[in-house]
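J.: One structure coming up, written as structure tokens, with questions to follow.
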Amino acid sequence: MKDKIIIYHGSKNIIEKPTIYGGKPTNDYGYGFYCTEQKELANEWACSDNGDGYANEYLLDLDGLNVLDLTSKKYTILNWIALLLKYRIPNGMSENEEIVRKYILDNFLLDLEGVDVIKGYRADDSYFSFARDFIRNTISLKQLSKAMELGKLGIQIVLKSQKAYDQLKYINSSIAENEVYYTKRVARDFQARKEYRNTTRNIILDNNDLFVMDIIRQGVKNDDSRIQRNVSK
């Protein structure tokens, strides 16, 4: 990543000075300030229901910060799922799902101690449902990896430490019109779900593909060569 980047936070409010515990602990990666490098996405995130919102713009100086880039080849999509299962625990999990959750947490959860910034997928409702299908053993690892490319949901930048907040400079805020961007947000989600249904039906599985129960039965670990390293283009 560049030393300095422009990022945006979509919100119902103008936020000049975000605080480290201003969000919810049940967000994708726990407490943090969730942003994107794409202003259009921030506009959509600001319009989650009725009423206009704001795309708050910031300059983030990454110099000296420890950045965990989940999109790099060092990590896998299972590392991302492990973080979701730690912070966004699905409601009404079955006994088998609880077994899956424990195995993934035990073997693929990354240590966030000392991490200042996380770069990774954003688990909007549609994408969280894709991850849930994988946990339920209804889609394979290959199908899940392909699904994450759908709908162009984008990558989020999450500030996790006070050090990162100290290196964040507020620039300005612009109005995100609900009439425009809520419609775009719904359309993006609808398109992702539509393409997901088509993709999961059309992918041809092979002997090397893994379902989550295969991963558990075969004792697959984080360093296993069968798990694709790069989780984004």
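J.: Rounded if a/c is under 1.5, else prolate if a/b beats b/c, else oblate: with a ≥ b ≥ c from the C-alpha gyration tensor eigenvalues square-rooted, which is segment 95-134?
T.: On the way: a/c = 3.76, a/b = 1.23, b/c = 3.06.
Verdict is oblate for segment 95-134.
J.: Okay, moving on. Could you tell me the calculated FRET efficiency between ASN172 and TYR87, based on Cβ-Cβ distance and R0 = 25 angstrom, to the nearest 0.05?
T.: On the way: r = 30 Å, r/R0 = 1.22.
Between ASN172 and TYR87 the formula returns 0.25.
J.: Over 26 Å between Cα atoms, which of LYS73/LYS221; LYS73/LYS160; LYS4/LYS160; LYS39/LYS163; LYS4/LYS142 qualify?
T.: LYS4/LYS142
J.: Can you list the aspartates and glutamates whose alpha carbon is less than 19 Å from that of LYS2, not counting same-chain residues fewer than 8 positions off?
T.: Qualifying aspartates and glutamates at Cα under 19 Å: GLU37, GLU57, ASP61, ASP63, ASP69, ASP116, ASP166.
J.: Quick one: angle between helix 125-135 and the longest Cα principal axis of the chain, in degrees between 0 and 90, rounded to 10, please.
T.: Orientation of helix 125-135: about 20 degrees from the principal axis.
J.: Right, next: Let me make sure I get this right: for segment 3-77, a, b and c are the square roots of the gyration tensor eigenvalues over alpha carbons, sorted descending. Under 1.5 in a/c it's rounded, otherwise prolate if a/b > b/c, else oblate. Which is it?
T.: Working: a/c = 1.68, a/b = 1.50, b/c = 1.12.
Cα axes put segment 3-77 in the prolate bin.
J.: Still on this model: Which order, highest average first, do 166-175, 56-65, 89-98 follow once you tally other Cβ atoms within 10 Å for each residue and take the mean per peptide? Mind showing how you got there, number by number?
T.: Numbers: 166-175: 14.6, 56-65: 17.1, 89-98: 11.3.
Peptide ranking by packing, descending: 56-65, 166-175, 89-98.
J.: Now for a separate question. Indicate the gyration tensor shape class of segment 1-133 (rounded, prolate or oblate), computed on the Cα atoms with a ≥ b ≥ c the square roots of the eigenvalues: a/c under 1.5 is rounded; otherwise a/b larger than b/c is prolate and the rest oblate. Present the calculation step by step, with values, prior to reporting the outcome.
T.: Details: a/c = 2.14, a/b = 1.36, b/c = 1.57.
Verdict is oblate for segment 1-133.
J.: Given an 8 Å cut-off on Cα distances and at least 6 residues of separation, report the relative contact order of the chain as a percent.
T.: It comes to 30 percent, rounded to a whole number.
J.: Shifting gears a bit: Using a 1.4 angstrom probe, figure out how much accessible area the chain has per residue, in square angstrom, rounded to the nearest whole.
T.: Averaged over the residues of the chain, the accessible area is 51 Å².
J.: Taking only Cα atoms and a 10 Å spring cutoff, compute GNM fluctuations for the chain and point out the largest among GLN162, GLN191, GLN218.
T.: Maximum fluctuation in the GNM of the chain, among the listed residues, is at GLN218.
J.: With no solvent and one point on each alpha carbon, what is the Debye value of log10 I(q)/I(0) for the chain at q = 0.08, 0.09, 0.11, 0.17 Å⁻¹?
T.: -0.31, -0.39, -0.58, -1.30
The values are calculated or read from the model by the stated rules, or taken from the named source; none is laboratory data. Being a predicted model, the structure only gives us computed values, none of them experimental. No Cβ is skipped: glycine too gets one built from the backbone with ideal geometry, and neighbour counts run over all protein chains shown. To get the accessible areas, we keep the full protein, side chains included, count just its heavy atoms, and leave off ligands, DNA and RNA. Shrake-Rupley method; radii C 1.70, N 1.55, O 1.52, S 1.80 Å.
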